[in-house]
Amino acid sequence: MAQEAQPDTDTPVISTPVQYDRMMVVLHWLLALGLIYQLGLGLWMDELPKEPVGYRAQWFNLHKSIGLCLGLLILWRLGWRVTHSVPVSVNASGTWQHKLSLLTHRAMYACMFLMPLSGFLGSNFSQYPIKFFGWALPKWFAPDPDMKSLLSEVHELTATVFMALVALHFAAVLWHVWVKRDGLLRRMAWGRANHD
């Protein structure tokens with residue numbers, strides 16, 4: 001009589017996380033707050049008068065300083081994202097919701113990378129120094145008004161696209177929470193990551 005095959009107990013079982021790890025949760029919410037603040041500050045700064053001298057520059061330097069910090073956090077998040085496992089999508093693979101979610105997240109990552117990069121490079125082509133919380137940073141390039149203008153347009157266009165993506169992202173979260181009720185928001189909540 002043939003014996004029933006026993007499971008190999010020496011083979012490690014790889015489990016899929018059901019929520020993001022704590023580092024990803026912290027980076028998500030820090031960047032969410034920081035980027036929303038930056039977007040609001042950027043929109044508000046556009047309306048600032050150039051007189052009295054220094055008032056407008058003070059806010060622009062704060063925007064640049066926070067942008068540099070967020071840029072480093074974004075690089076950290078990108079590195080963490082590609083080196084750590086993440087929960088399986090709550091949307092069935094191949095559905096339009098799944099495809100739209102992937103496209104939106106990739107576009108958001110691209111914008112998050114491009115916004116601080118274009119802002120930093122554009123500022124380097126400006127005639128004014130970049131001050132990181134008061135400390136002047138070395139200039140990479142000679143002043144070039146055309147390059148400054150081009151990169152400023154890239155920065156503003158990317159910010160506009162990013163705001164639209166954030167609105168779509170927020171709408172999708174509300175749909176998952178109130179309509180589907182599939183526990184999506186718990187995946188980005190603080191707490192010990194469980195496994196299947």
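Laboratory data are not the source of any read-out in this text; all were calculated from the coordinates shown. Keep in mind it's a predicted model, so treat the numbers as computed, not measured. Note: ideal-geometry Cβ built from the backbone for every residue, glycine included; neighbour counts use all protein chains shown.
If you build the convex hull over the alpha carbons only and average its shadow over all orientations, what do you get for the chain? Give it in nm² to one decimal. Don't skip to the answer; put the middle values down first.
Values: hull surface 68.2 nm².
Hull-based average projected area comes out at 17.0 nm².
Relative to the longest principal Cα axis of the chain, at what angle does helix 22-45 sit, 0 to 90 degrees, rounded to 10?
30
Relative to the longest principal axis of the C-alpha atoms of the chain, give the angle of the C-alpha long axis of helix 145-174, reported between 0 and 90° and rounded to the nearest 10°.
40
Cut-off under 21 Å on the C-alpha distance; same-chain residues fewer than 8 positions from Lys180 excluded. Which lysines are left, in chain and number order?
Here the lysines satisfying the reach criterion relative to Lys180 are Lys99.
What net charge do the residues around Gly122 carry, taking every other residue with its C-beta under 13 Å from that of Gly122, with Lys and Arg at +1 and Asp and Glu at -1?
Local net charge: -1.
Mind pulling the angle between the C-alpha long axis of helix 55-83 and the longest principal axis of the chain? Nearest 10 degrees, somewhere in 0 to 90.
20
Check Phe132: other-chain or 5+ apart residues with amide H under 5 Å from its amide H, H built from backbone geometry?
Leu137
What lysines sit close enough to Lys148 to cross-link, taking a C-alpha to C-alpha distance under 27 Å and skipping anything fewer than 8 places away on the same chain?
Those lysines meeting the cut-off are Lys50, Lys64, Lys131, Lys139.
Taking only DSSP H segments of four or more residues, each worth -39500 (n - 2.57), what value at 222 nm results for the chain once the sum is divided by all its residues, to the nearest 500 deg cm²/dmol? Mind dumping the intermediate values first?
Details: 4 runs with 112 residues, N = 196.
The helix contribution divided over the chain gives -20500 deg cm²/dmol.
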